[in-house]
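Every number here is computed from the coordinates shown, using simple stated rules; none is lab data. Source: prediction; values computed, not measured.
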Amino acid sequence: MLQQIRVRGDAETHVDAYLTEWRSALKSFGKPLPCLTCFLKGAIQHLNHLDDEKGVGKVRCTRCLKYLYL
Ligand SMILES: [Zn+2]
């Protein structure tokens, strides 16, 4: 996950803000994780958890439909 963010590292302040949002979501039980792609475009969209595949957690954004692997 962090590697995906670094690869995109075009807007570091946005990435910092995103990580803050991500950590806050991890701490709050039941709070959905934000989508990185949409966040960088200025919208907080929430990722849906999908079934684990081979032990890898996969989530999909409800807006841009991109998959992220945790
Ligand atoms: Zn998205």
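What length, rounded to one decimal in nm, is gained on full extension from GLU21 through to LEU65, with 0.36 nm per residue of separation minus their alpha-carbon distance? Mind dumping the intermediate values first?
Values: separation 44, 0.36 × 44 = 15.84 nm, distance 1.94 nm.
Full-extension gain reported as 13.9 nm.
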- [ ] Scan around GLN45 for amide H atoms under 5 Å from its own, H built in the peptide plane at 1.01 Å from N, and keep only partners 5 or more places away or cross-chain.
- [x] CYS35, PHE39
